[in-house]
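**Student:** Quick one: the structure is below, and I'll ask about it shortly.
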Amino acid sequence: MRRSDRFLTGLQSAGRVVFVSHVQPDPDSLGSMLGLAHLVETRLGKPTLITRDGIISRAENRAMVELLHLDPTPIEEVEWEPGDAVVMVDSQPNTGRHTCCNRAPLYAVIDHHETPGDLDDVPFADVRPSLGATCTLVTKYLAEQDVPLTEKVATALLYGIETEVTGFPREAGPDDDKALILLYPQADKDLLAQIRNARLPHSHFECLLQALQSSFIYDRLIISWVNPLPQPEQAAEVCDFMVRFDKVDWAVCVGVVNESLILSVRTCKENGKAGDMLRKVVGELGKAGGHDRRAGGCIPLTSCSLSAIEELQAELRRRFLKALKIEDVRGQRLVPLREMLQNLQP
Ligand SMILES: [Mn+2]
């Protein structure tokens, strides 16, 4: 039996299939939920529900949701029914990246993260860290089951894979490319262009300016502190931007959102094990996880006072330097203070 057969067989007694993913679902999560919902509806004729845990703030991700009319139900508004089966995508139980429910039995986990979750009691688990995207795995299921794709499903899956495998070096393999080739002719290219070039809010530029003004270089590492961070997903946007700086191999962004510190890491180093590195750095303070070249984490703040935040920042700085074996040097500003002032137009 193929894995997609086993996946479908185990759902035969379910009344409805509810899809969940990690907090602030990204295109890979959204595409995976949509693709699997399409598979379940087509092959089993069962109702499905796509959910969202937390907010979707990145402009491109919002554009994806709006233009493709995904309409995910906020997880806290789900009206659970007896017979619901839960399928978790793009994350694993107890990796701390979801606030999800224990309101219905978790039937399946379909993911590609390296961060190991708690899978002991999950009847069906398919976790393949060798794949660049969960959407690749979902595309394989749909192809295996010979399910015709709609333009909407193909577009969502394609964008989900694309966002995971951009960046250099690519975190992608032949399976990801095969999925992209399969999806491309069926996707709406104009819609994709609109999503990729989503209009950006004012806060995007404010955040970048603040990041430029508060970035410090320590050898091959750049750390950007953004307090407050307007939206949690902007930490990743800052890192994507900074990791292209030719003087560094590692970019870290740390920002305060509400009562939490949000962390994002990027590296251009192959075999960088960014997820492991960030988990070591965050340790007992919070939760973290990710991939080889990208990682994210969250630390709940015990106090939001400036001194408490500064203390935590200093501790994190020490831990990052230690984890990357960088001597405890004084950080160099990315933009010297004098230049910042000189360049201000009256
Ligand atoms: Mn993913």
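**Student:** Go through GLY15, ALA85, GLY45 and say which Cα lies farthest out towards the positive end of the charge dipole of the range 3-196; charges sit on Cβ, +1 for Lys and Arg, -1 for Asp and Glu.
**Tutor:** It is GLY45.
**Student:** What ranking do THR136, THR115, THR48, THR155 get, fewest neighbouring Cβ atoms within 10 angstrom at the top? Display every interim value, and only then the final one.
**Tutor:** Working: THR136 29, THR115 22, THR48 19, THR155 26.
If I rank by nearby Cβ atoms, fewest first, I get THR48, THR115, THR155, THR136.
**Student:** In straight Cα distance, which aspartates and glutamates are under 19 Å from LYS189, not counting same-chain residues fewer than 8 positions off?
**Tutor:** Within the straight-line limit of under 19 Å, LYS189 reaches these aspartates and glutamates: ASP28, GLU60, GLU66, GLU151, GLU162, GLU164, ASP176, ASP177.
**Student:** Could you line up ILE181, ILE56, ILE326 from fewest to most neighbouring Cβ atoms inside 10 Å?
**Tutor:** Numbers: ILE181 9, ILE56 23, ILE326 14.
Taking fewest neighbouring Cβ atoms as first place, the list is ILE181, ILE326, ILE56.
**Student:** Taking R0 as 30 Å, what's the FRET efficiency between ARG244 and ARG318 from their Cβ-Cβ distance, rounded to 0.05? Don't skip to the answer; put the middle values down first.
**Tutor:** Numbers: r = 26 Å, r/R0 = 0.87.
Efficiency, from the Cβ-Cβ distance: 0.70.
**Student:** Label 7 Å along Cα→Cβ of ALA143; the range 6-24 residues with amide nitrogen under 19 Å?
**Tutor:** What the label zone holds, given the 19 Å backbone N cut-off, is 6-8.
**Student:** Just the C-alpha atoms of the chain: what Rg/Rh do they give, with Rh taken as the Kirkwood radius? Before the final figure, lay out the partial values.
**Tutor:** On the way: Rg = 20.6 Å, Rh = 20.9 Å.
With Rg and the Kirkwood Rh in hand, the quotient comes to 0.98.
**Student:** Assign unit charges at the C-beta atoms only (+1 for Lys and Arg, -1 for Asp and Glu), then state the dipole size of the range 3-196 relative to its Cα centre in Debye, rounded to the nearest 20.
**Tutor:** Details: 17 positive and 31 negative charges, 44 e Å.
Roughly 220 debye, rounded to the nearest 20.
**Student:** Given contacts defined as C-alpha pairs under 8 Å and at least six residues apart, what's the relative contact order of the range 202-338, whole-number percent?
**Tutor:** Numbers: 255 pairs, mean separation 30.6, N = 137.
After rounding, I find 22 percent.
**Student:** Sticking with this one: By count of other Cβ within 10 Å, fewest leading, how are CYS135, CYS304, CYS253, CYS239 ordered?
**Tutor:** Working: CYS135 36, CYS304 12, CYS253 30, CYS239 25.
Fewest-to-most Cβ neighbours within 10 Å comes out as CYS304, CYS239, CYS253, CYS135.
**Student:** Cross-link list LYS247/LYS273; LYS152/LYS269; LYS140/LYS247; LYS287/LYS322; LYS178/LYS287; LYS152/LYS178: which exceed 30 angstrom alpha carbon to alpha carbon?
**Tutor:** Details: LYS247/LYS273 20 Å; LYS152/LYS269 35 Å; LYS140/LYS247 39 Å; LYS287/LYS322 19 Å; LYS178/LYS287 33 Å; LYS152/LYS178 19 Å.
Violating the 30 Å limit, Cα to Cα: LYS152/LYS269; LYS140/LYS247; LYS178/LYS287.
**Student:** Size of the dipole of the chain about the Cα centre, Lys and Arg at +1 and Asp and Glu at -1 on the beta carbon, nothing else charged, in debye to 20? Display every interim value, and only then the final one.
**Tutor:** Numbers: 38 positive and 49 negative charges, 177 e Å.
It works out to roughly 860 debye.
**Student:** Okay, moving on. I'd like the GluC sites (Glu not before Pro) in the range 273-346 restricted to DSSP loop residues with at most 11 other Cβ atoms within 10 Å, sorted by number.
**Tutor:** Details: sites: GLU284, GLU310, GLU311, GLU315, GLU327, GLU339; in loops: GLU327.
Sites meeting the loop and neighbour criteria: GLU327.
Bear in mind these aren't lab numbers, they're just calculated from the coordinates by the rules spelled out. Here the structure is a predicted model, which means the values were calculated and not measured. All Cβ positions, even for glycine, are placed from backbone atoms using ideal geometry, and neighbour counts span all protein chains on display.
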